[in-house]
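Undergrad: One structure is given below, represented as structure tokens, and several questions about it will come after.
The values are calculated or read from the model by the stated rules, or taken from the named source; none is laboratory data. Keep in mind the model is a prediction, meaning the values are calculated, not measured. Reconstructed Cβ throughout: ideal geometry from the backbone, glycine too, with neighbour counts over all protein chains shown.
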């Protein structure tokens, strides 16, 4: 087992010193604080207030997350380079992040997140479209690396005199903020900090680990391999809802580490409408998202006709991908909440950033441990079904592969997964310990392979 301690975690984040030997790089995409069971505005919906001498001008937080996963052998009559290995050892990932915030002037603030990531995903994060570890992404270098995750400027303009209390949190300054406001965020950030939020299923550091559950799977959101991009996000927020719009840069090639700064030829726009409501006394939120990406994507139909099935050889500038996502969260009781997502993209062109999912539907529930006298514990149960467009599945059936999946042939069936986790709160250690189980049917949409059982555990420290 890898050595881990709170002190070592801090040293890792500050000095970039490795405390483990690992096989592949892992990266985070989410915030560090666990979301409550009752729907509440997550960090991206709560904002710093205008400057005041009574309000703190600094915010400092830290998180470290360790995830270990293993799967027993499964049925696999054939395999290729992008298949999940039939047998392999347990793999472990580690991320450490500092969240630094500084109030600059009235309504203005700056946030900076140095981050260290190292570790490995099962089969180098290949072979399953809805991959089972949301803290793992496809970085080839096995050594831990220190890098800048976020560095962005935020400006808030109050619209009215009504205020709200803003708690101290990662990338959020405490104080009294406007309840109705306009905000502009510019710099390096993750779009998932602002879009597709969900109180029950959004953060793999404290909630569900599966990629198909932490976000709308059909939203091929703009990001480099680590999950970050350069973007401008405009927000209009009221007590009853919000409108968010962004324009962001995309990677130079599919799932690439480098951002393409030729904005006129490659960019992505996202629009989301958020509405809060009540059913009886129970709160709920619904979000509707649409996106359009322009990039030099390959074409699945054209690649299928090539003798070499080389998708990269069909790339042409100016191609587009469009899609939408629906996101619902609903409190059932003070202890239990429900969530659901539905997403789609046209699937004609190459998956460019997130993962090879063209359609997705998920449903789940989360409960506190109040009934068994553990009110700060969490129990989560969820299912997700992912699908491909006809051009995408035909390309894989012919023997092609993307950056995530490709078994050399394909007996198509929707990829389905069920996940259960139990998060034990360890208050004295500022930590949670979460055993996790996932059952994955038809990995990489292939009915000839699987099912796969993934057993894992997660240790998450935050302060």
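Residue by residue, here is whether (1) touching a residue at least 60 places away in the same chain (Cβ under 8 Å); (2) farther than 22 Å from residue 205 by Cβ holds:
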position: 351; (1), (2): yes, yes
position: 356; (1), (2): yes, yes
position: 359; (1), (2): yes, yes
position: 371; (1), (2): no, yes
position: 406; (1), (2): yes, yes
position: 429; (1), (2): yes, no
position: 454; (1), (2): yes, no
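Undergrad: If you scan the stretch 221-255, which residues turn out to be part of a loop (DSSP other than H, G, I, E, B) and more than 24 Å from residue 118 (Cα to Cα)? Give the derivation first.
TA: Residues of the stretch 221-255 that are part of a loop (DSSP other than H, G, I, E, B), as a first pass: 221-228, 239-240, 249, 252-255.
Scanning the stretch 221-255 gives 239, 240, 249.
Undergrad: Another question about this same structure. Pick from 119, 127: which is modelled with pLDDT under 90 and surrounded by 22 or more Cβ atoms within 10 Å (Cβ to Cβ)?
TA: Answer to the check: 119.
Undergrad: Related question: Could you please give the count of residues in the stretch 180-216 that are closer than 18 Å to residue 272 by Cα and either assigned to a loop (DSSP other than H, G, I, E, B) or touching a helix residue (DSSP H, G or I) at 6+ places or on another chain (Cβ under 7 Å) (or both)?
TA: Counting residues in the stretch 180-216 that are closer than 18 Å to residue 272 by Cα and either assigned to a loop (DSSP other than H, G, I, E, B) or touching a helix residue (DSSP H, G or I) at 6+ places or on another chain (Cβ under 7 Å) (or both) gives 13.
Undergrad: Continuing with this model, one more query. Cβ-Cβ under 7 Å, sequence separation 6+ or interchain: first residue in the stretch 112-123 and on the phi > 0 side of the Ramachandran plot and outside any strand (DSSP E or B), partner surrounded by 22 or more Cβ atoms within 10 Å (Cβ to Cβ) and modelled with pLDDT of 90 or more. Which pairs?
TA: Close Cβ pairs satisfying both conditions: 123/84.
Undergrad: Would you call residue 367 modelled with pLDDT of 95 or more, over 30 Å from residue 307 (Cβ atoms) and under 20 Å from the mean Cα position of the chain (by Cα)?
TA: So residue 367 fails the test.
Undergrad: Run residue 347 past the list (1) out of contact with any helix residue (DSSP H, G or I) (no Cβ under 9 Å at 6 or more places or on another chain); (2) at positive phi and report the number of the one that doesn't hold.
TA: Residue 347 satisfies every listed condition except (1).
Undergrad: Out of 254, 266, 295, I need the residue that is within 23 Å of the chain's Cα centre (by Cα), at pLDDT below 95 and crowded, with 21+ Cβ neighbours inside 10 Å. Which one?
TA: Details: 266 fails: at pLDDT below 95; 295 fails: at pLDDT below 95.
Testing whether each residue is within 23 Å of the chain's Cα centre (by Cα), at pLDDT below 95 and crowded, with 21+ Cβ neighbours inside 10 Å leaves just 254.
Undergrad: Go through the stretch 445-456 and give me each residue that's under 19 Å from residue 398 (Cβ atoms) and assigned to a strand (DSSP E or B).
TA: 446
Undergrad: If you don't mind, there's one more thing I want to ask. Restricting the stretch 393-415 to residues that are surrounded by fewer than 18 Cβ atoms within 10 Å (Cβ to Cβ) and assigned to a loop (DSSP other than H, G, I, E, B), which is nearest to the chain's Cα centre (by Cα)?
TA: Here the residue is 414.
Undergrad: Something else: Out of curiosity, is residue 239 under 28 Å from residue 149 (Cα atoms), surrounded by fewer than 22 Cβ atoms within 10 Å (Cβ to Cβ) and modelled with pLDDT under 95?
TA: Against the criterion (under 28 Å from residue 149 (Cα atoms), surrounded by fewer than 22 Cβ atoms within 10 Å (Cβ to Cβ) and modelled with pLDDT under 95), residue 239 does not qualify.
Undergrad: Please go through (1) within 20 Å of residue 193 (Cβ to Cβ); (2) buried (at least 18 other Cβ atoms within 10 Å of the Cβ) for residue 273 and return the number of the only condition it doesn't satisfy.
TA: In the conditions (1) within 20 Å of residue 193 (Cβ to Cβ); (2) buried (at least 18 other Cβ atoms within 10 Å of the Cβ), residue 273 misses (2) alone.
Undergrad: Name the residue, out of 127, 177, 160, 134, that is more than 23 Å from the chain's Cα centre (by Cα) and part of a loop (DSSP other than H, G, I, E, B).
TA: From the options 127, 177, 160, 134, the qualifying one is 160.
Undergrad: Just name the residue that is surrounded by the most Cβ atoms within 10 Å (Cβ to Cβ) out of those in the stretch 416-444 that are at pLDDT 95 or above, over 21 Å from the mean Cα position of the chain (by Cα) and not in a loop (DSSP other than H, G, I, E, B).
TA: Checking each candidate, the answer is 425.
Undergrad: Which one of 175, 264 is free of Cβ contacts under 8 Å to residues at least 12 places away in the same chain and either out of contact with any strand residue (DSSP E or B) (no Cβ under 8 Å at 6 or more places or on another chain) or under 30 Å from residue 331 (Cα atoms) (or both)?
TA: 264
Undergrad: Go through 375, 414 for me and flag whichever is touching a strand residue (DSSP E or B) at 6+ places or on another chain (Cβ under 8 Å), free of Cβ contacts under 8 Å to residues at least 60 places away in the same chain and over 28 Å from residue 298 (Cα atoms).
TA: 375
Undergrad: Quickly run through the stretch 140-157 and pick out the residues that are closer than 27 Å to residue 94 by Cα and not in a loop (DSSP other than H, G, I, E, B). Even if it seems obvious, please write down each step before you answer.
TA: In the first step, residues of the stretch 140-157 are kept if they are closer than 27 Å to residue 94 by Cα; the result is 140-152.
Correct list: 145, 146, 147, 148, 149, 150, 151, 152.
Undergrad: Being more than 30 Å from residue 200 (Cβ to Cβ) and either buried (at least 19 other Cβ atoms within 10 Å of the Cβ) or modelled with pLDDT under 95 (or both) is true for just one of 306, 341, 315. Which residue is that? Reasoning before the result, please.
TA: Working: 306 fails: either buried (at least 19 other Cβ atoms within 10 Å of the Cβ) or modelled with pLDDT under 95 (or both); 341 fails: more than 30 Å from residue 200 (Cβ to Cβ).
None of the others qualify; the one that does is 315.
Undergrad: Residue check, residue 252 against (1) in contact with a helix residue (DSSP H, G or I) (Cβ under 9 Å, 6 or more places away or on another chain); (2) without any contact (Cβ under 8 Å) to a residue 24 or more places away in the chain, all met but one. Which one?
TA: Looking at each condition in turn, residue 252 falls short on (1).
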